[in-house]
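S.K.: My questions will all concern the structure given below.
The values are calculated or read from the model by the stated rules, or taken from the named source; none is laboratory data. Since the structure is predicted, the reported quantities are computational estimates derived from the model, not experimental observations. Cβ coordinates were reconstructed from backbone atoms using ideal geometry, including for glycine residues, and neighbour counts include every protein chain displayed. The protein model used for the area step is the full one, side chains on, heavy atoms only, and it has no ligands, DNA or RNA in it. Shrake-Rupley method; radii C 1.70, N 1.55, O 1.52, S 1.80 Å.
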Amino acid sequence: MKKIDKERLLLGIAAPVLAIVVAFLVTALVLAATGKEPFSAFGIMFDYGVKSDSQVYILNKATTYYLAGLAVAVGFRMNLFNIGVDGQYRLAAFFAAAVGGALTLPGALQIPLIILTAMIVGAMWAGIAGVLKVTRGVSEVVSTIMLNAIATAIIGYLLQQNRLGHLDEAGTKISTKPLPESSHFFEFPTTPTPIWGFIVVAVVAGVAYWFTLSRTRFGFDLRTVGQSGTAAEASGVNVKRMVVTSMLISGAVAGLIGMPTLLNDSFEYSGDFPVGIGFTGIAIALLGRNHPIGIALGALLWGFLERGTGKLEFEGYDKEIVGVIQGVIVLCVVIAYEVVRRYGLKRQQSKVGAELAAQAARNSDQQEVSA
């Protein structure tokens, strides 16, 4: 059993490692084709990425990306493609910022209220897609894409003066009312910038994700439905309820995505609030194979690549190079997983065949001895 587990572990690691290596090789070819020195570019990214301020930046970015990856991974384990994580976290952050700006409570009450508001809004918005899927058969891909657009429209409508928008003193930016001091999340003091304290919440979310899926009956049912809804239903699992519940959980986790930025950085929601993180979460969940540790490594890699891009611009490289690397990584991940899956299946079939042949030989020898 230990040997089989080790082999499965190696196969699981092989796919993302192979994808990253191939992605950097392809990027090197692209850089060489444009007349740039690829190894020099990678050296600049690495040297800049290991600096202390860069490490803080990467950790803060990875906190947000990790939560995005978890939100997507919950749906993936259920065989649901929640592409609406982007709209869910933006809408959740907007209403959480509006509620937090309207109230002035002690921090022990204010911060949990803001986080709870974000999770509820995210869960409700994702739940719409779940209900549509189980009642009307609407694909969650189609419904969540439309819900992304609707969320953008709702935020644009409400983020105006005389509604939930607030014009700053300079008269140049409209945002929600700034959060009071009691709403500011704690930070780890580092120089030159602090590490966001919400990284602790991200770690707790990762542990809860692992424990729920690996150590509870609900997690077993969720994984069973993801692998075969028909078999799960035959064993007594309410598949429709699991679909809705999974979308609610995915949306609730998505509600946390904007909290590091809101509670540790911007303290308000405005037009320059980060967008597109939900789509980044899809790539990170794929790279991490929906495993909490793998997702964490993927989030750190994404933060490292983004940090290195800023330095490359000053060295005369095109900033789009990071998009090339990230895009090729995602493409290579899909291909590498399929290659590794087929290799593992072939290895398993060979082992079973060898064991059957050995058993047949033993049976034949026993029959000869008996005769």
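So that you can scan it fast, the table gives a plain yes or no per residue for (1) under 30 Å from E181 (Cα atoms); (2) in contact (Cβ under 8 Å) with a residue 12 or more places away in the chain:
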residue: D265; (1), (2): yes, yes
residue: I284; (1), (2): no, yes
residue: G298; (1), (2): no, yes
residue: K319; (1), (2): no, no
residue: V334; (1), (2): no, yes
residue: K351; (1), (2): no, no
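S.K.: Still on this model: Looking at S54 and the list (1) closer than 30 Å to I150 by Cβ; (2) under 24 Å from the mean Cα position of the chain (by Cα); (3) in a helix (DSSP H, G or I), which single condition is not satisfied?
M.R.: The number of the failed condition is (1).
S.K.: Output the residue which, of all residues in region 1-32 that are open to solvent by 90 Å² or more (accessible area, probe 1.4 Å) and at pLDDT 85 or above, is farthest from K351 (Cα to Cα). First the steps, then the outcome.
M.R.: If we filter region 1-32 for residues that are open to solvent by 90 Å² or more (accessible area, probe 1.4 Å), which is where we start, we get 1-3, 6, 8-10, 25, 29.
Filter once more, keeping what is at pLDDT 85 or above: 25, 29.
Details: L25: 34, L29: 39 Å.
Checking each candidate, the answer is L29.
S.K.: For region 41-77, how many residues are within 24 Å of R289 (Cα to Cα), open to solvent by 40 Å² or more (accessible area, probe 1.4 Å) and either touching a Lys or Arg at 6+ places or on another chain (Cβ under 7 Å) or basic (K, R) (or both)?
M.R.: Summing the residues that are within 24 Å of R289 (Cα to Cα), open to solvent by 40 Å² or more (accessible area, probe 1.4 Å) and either touching a Lys or Arg at 6+ places or on another chain (Cβ under 7 Å) or basic (K, R) (or both) in region 41-77 gives 2.
S.K.: Kindly establish whether I83 is outside any helix (DSSP H, G or I) and under 24 Å from the mean Cα position of the chain (by Cα).
M.R.: When the stated conditions are applied, I83 passes them.
S.K.: On to the next question. What tally of residues in region 291-316 results from selecting those that are of a type outside the set (D, E) and part of a loop (DSSP other than H, G, I, E, B)?
M.R.: Step one: filter region 291-316 for residues of a type outside the set (D, E), giving 291-305, 307-312, 314, 316.
Checking which are part of a loop (DSSP other than H, G, I, E, B) leaves us with 291, 316.
Selection size over region 291-316: 2.
S.K.: I'm trying to understand the selection: among the residues of region 239-257, which are open to solvent by less than 10 Å² (accessible area, probe 1.4 Å) and within 19 Å of L109 (Cα to Cα)?
M.R.: First, pick out the residues of region 239-257 that are open to solvent by less than 10 Å² (accessible area, probe 1.4 Å): 246-247, 250-251, 254-255, 257.
Passing the criteria: only G255.
S.K.: If we only count helices (runs of 4 or more DSSP H) wholly inside region 205-290, which ones have 2 or more residues that are under 30 Å from Q161 (Cα atoms) and aliphatic (A, V, I, L, M)? Before you say what the answer is, go through the steps one by one.
M.R.: On the way: elements: 217-227, 229-234, 239-256, 277-287.
In region 205-290, 239-256 are the helices (runs of 4 or more DSSP H) which contain 2 or more residues that are under 30 Å from Q161 (Cα atoms) and aliphatic (A, V, I, L, M).
S.K.: Test each condition in (1) more than 20 Å from the chain's Cα centre (by Cα); (2) under 18 Å from V243 (Cα atoms); (3) in a helix (DSSP H, G or I) for L109 and report the one that comes out false.
M.R.: (2) is the only condition that L109 fails.
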